[in-house]
Amino acid sequence: MSQITNHMPTAELQALDSAYHMHPFTHADGLAKKGARVITRAKGVWLNDSEGNRIIDGMAGLWCVNIGYGREELAEVAARQIRELPYYNTFFQTTHVPVIALAAKLAELAPGDLNHVFFAGSGSEANDTNIRLVRTYWDVKGKPGKKIIISRKNAYHGSSVGSGSLGGMSGMHAQGGMPIPDIHHINQPNWWAEGGDLSPEDFGLARARELEEAILTLGEDRVAAFIAEPVQGAGGVIVAPDTYWPEIQRICDKYEILLIADEVICGFGRTGNWFGSQTLNIRPHIMTIAKGLSSGYQPIGGSILCDEVAEVIGSVEFNHGYTYSGHPVASAVALENLRILEEEKVIDHVRDVAAPHLQKKWASLTEHPMVGEAKMVGMMGSIALTPDKASRAKFASEPGTVGYICRERCFANNLIMRHVGDRMIISPPLVITPDEIDILIDRARVALDEGYAQVKAEGLWKAAS
Ligand SMILES: *Cc1c(COP(=O)(O)O)cnc(C)c1O
């Protein structure tokens, strides 16, 4: 098996893939019939597949390749670090230079007094850490009854048992005994799908006040924390109405519950600031980070704690950690990624060039007969597909049927753009140029036209009653 290469016939690679490799979030039998697309190399915002196609990556991998593919500097740093110190642990009163440097850099970049980093190998692991952190925090403070973490339906916080329980994905909860106890979900601020006759502003307030109602119903003495993504990513790039976050912040302050901002997608420039909390004016006690932290070049995540939480946790032995917490190679690569983001002023590029251009083009997609709202914060956006814009109607077909058709048309046009139900989402590398944005949008438009034609031809152009 060591002889498998990029140059093998695609069908052979696909056969081996379906025989031996199990894909995440995938119906294996369905994929086996079709064959997975084999990605062979990448540069900038462009992917190559084994059939010689050049694909524009509208998703930055899985929301993570913020600096784009193919940066030599990261390869060099990884090679150097592997030669010098490929691994050492941080459990037994030992440390090493890359993890020290990365933690110090993150403390400098993170807002306010978020100054203390507990590392993990991924976002899921970091959110598992957070569950234990916030409960331990209240234990140490003499309030062991405060165990419940409030989250939101359709949130995504990872796929481990703990983080998947924090998340609000019903399809995930249906498998394998989730959620774990003492996680409570309130409704999401998705105005397009759930706002009914309310204005977005009134709806945002109403959904935020569900947090207050939950705290009062469950009991202030039982609620430990609220966790949320500043902008829901995997749930379909759901941007809350402007009234939502100020009200959430007010409620967290009033009842003194810990606020965890899951910045796994929003962090590291995605929203036009270093962190989504800055864009949305949120003051979290803990931030979850991963993905853009290393631009996906190495698996690494973590939790950034404010001074007070770190001080409380620091007063006991916290019996938690991962073999790869603060892995030296991952830390060194993340640090180099942060250097590039900073020195090449990538976030200025987002704010001044890429995001304004993408937003203008993205908004123009609402001219398409099948596109309702178009939403975007920084460089993450979504469009709602609908058979009737005025009433914000859903399709009569199983949710996701039309979205899937459009995603397949994107693939066929060498554009990676995902669907979540009947919303299409993008989150391209932050370094994308205006010319590349034009190509992305041109392909999206062709894919939407083809999708629209197919939806009509298959009799799916019908509103749910
Ligand atoms: C992807 C994601 C996670 C999980 O990160 P993994 O590295 O896949 O474990 C957690 N939270 C959010 C908001 C995410 O988008």
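All of the numbers you see were taken from the coordinates with simple rules; none came from a lab. Note that the coordinates shown come from a computational prediction; the quantities given were computed from them, not determined experimentally. Don't worry about glycine lacking a Cβ; one is built from the backbone with ideal geometry, like all the others, and counts go over all protein chains shown.
Ordering SER427, SER122 by the number of other Cβ atoms within 10 Å of each residue's own Cβ, fewest first, gives SER122, SER427.
Of the residues LEU47, VAL431, CYS252, the one whose Cα sits farthest towards the positive end of the charge dipole of the chain is LEU47 (charges of +1 on Lys and Arg Cβ, -1 on Asp and Glu Cβ, taken about the Cα centre). The Cα center of the stretch 352-398 and the Cα center of the stretch 242-290 differ in position by 24 Å.
Given +1 on the Cβ of Lys and Arg, -1 on the Cβ of Asp and Glu, and no further charges, what dipole in debye does the stretch 1-105 carry about its Cα centre, rounded to the nearest 20? Display every interim value, and only then the final one.
On the way: 10 positive and 10 negative charges, 33 e Å.
Charge dipole of the stretch 1-105: 160 debye, to the nearest 20.
What full-extension length gain, to one decimal in nm, is calculated for LEU218 and ASP197 as 0.36 nm per residue of separation minus the Cα-Cα distance? All intermediate terms of the calculation are to be shown ahead of the outcome.
On the way: separation 21, 0.36 × 21 = 7.56 nm, distance 2.88 nm.
The LEU218-ASP197 span can extend by a further 4.7 nm.
Counting other beta carbons within 10 Å of each Cβ, put MET370, MET178, MET8 in order, fewest first. Before the final figure, lay out the partial values.
Working: MET370 23, MET178 18, MET8 14.
Placing the least packed residue first, the sequence is MET8, MET178, MET370.
The ellipsoid equivalent to the alpha-carbon distribution of the stretch 1-52 has semi-axes of 20, 15, 10 angstrom, derived from the gyration tensor eigenvalues as √(5λ) and listed largest first.
For a test of the definition: using alpha carbon positions, the gyration tensor, and the 1.5 limit on a/c, classify the stretch 84-188 as rounded, prolate or oblate. Cα axes put the stretch 84-188 in the prolate bin. Think of the chain as a dipole: +1 on every Lys or Arg Cβ, -1 on every Asp or Glu Cβ, centred on the Cα centre; then among TYR137, ALA330, GLY381, GLY381 lies furthest on the positive end.
Need the C-alpha centroid separation for the stretch 316-350 versus the stretch 153-171, integer Å. Going from one Cα centre to the other spans 24 Å.
Students often check this: by mean Cβ neighbours within 10 Å, which of 19-25, 54-60 ranks highest, and how do the rest follow? Don't skip to the end; give the middle numbers.
Working: 19-25: 8.7, 54-60: 21.6.
The densest-packed peptide leads the list: 54-60, 19-25.
Work out the P(r) tail for the stretch 73-343: percent of alpha carbon pairs separated by more than 23 Å, whole number. Write down the numbers at each step before the final one.
Numbers: 18757 of 36585 pairs.
Cα-Cα pairs in the stretch 73-343 separated by more than 23 Å: 51 percent.
Between the residues SER170, GLY276, ILE289, the greatest Cα displacement towards the positive end of the dipole of the stretch 73-343, with unit charges on the Cβ of Lys, Arg, Asp and Glu, is found for SER170.
Treating r as the C-beta distance of ARG250 and ASP307 and R0 as 22 Å, the FRET efficiency rounds to 0.50. Dividing the convex hull volume of the alpha carbon atoms of the stretch 145-248 by its residue count gives 96 Å³ per residue.
Taking a temperature of 10 °C and a viscosity of 1.306 mPa s, what whole-number D in µm²/s does Stokes-Einstein yield for the stretch 31-101 with Rh from Kirkwood over alpha carbon pairs? Walk me through the numbers before you get to the answer.
Working: Rh = 15.3 Å.
Estimated via Stokes-Einstein, D reaches 104 µm²/s.
Restricted to Cα atoms, the chain shows a radius of gyration and a Dmax of 22.2, 66 angstrom.
Normalising the average separation of contacting C-alpha pairs (under 8 angstrom, six or more residues apart) by the number of residues puts the relative contact order of the stretch 73-343 at 29 percent. Computed about the Cα centre, the dipole magnitude for the stretch 317-373 is approximately 160 debye when only Lys and Arg (+1) and Asp and Glu (-1) carry charge, each at its Cβ.
Fully extending the segment from ARG83 to VAL353 would add 93.3 nm, taking 0.36 nm per residue of separation and subtracting the current Cα-Cα distance. Normalising by residue count, the stretch 273-428 has a Cα convex hull of 188 Å³ per residue. Dividing the mean sequence gap of close Cα pairs (under 8 Å, 6+ apart) by how many residues the chain holds gives a relative contact order of 19 percent. Note on THR10 and ARG283: the model spin-label points, each 7 Å out from Cα along the C-beta direction, lie 5.4 nm apart. You can think of it this way: the chain between GLN3 and ALA363 has 124.9 nm of extra reach, that is 0.36 nm per residue less the Cα-Cα gap.
If you place +1 on the Cβ of every Lys and Arg and -1 on the Cβ of every Asp and Glu, how big does the dipole about the Cα centre of the chain come out, in debye to the nearest 20? Don't skip to the end; give the middle numbers.
Details: 43 positive and 55 negative charges, 137 e Å.
With only Lys, Arg, Asp and Glu charged at Cβ, the dipole is about 660 debye.
With the convex hull drawn over the C-alpha atoms of the stretch 359-417, the volume per residue is 92 Å³.
When the pairs LYS153/LYS389; LYS389/LYS456; LYS389/LYS462; LYS105/LYS345; LYS146/LYS254; LYS291/LYS345 are compared against a 21 Å limit on Cα-Cα distance, LYS153/LYS389 fall above it.
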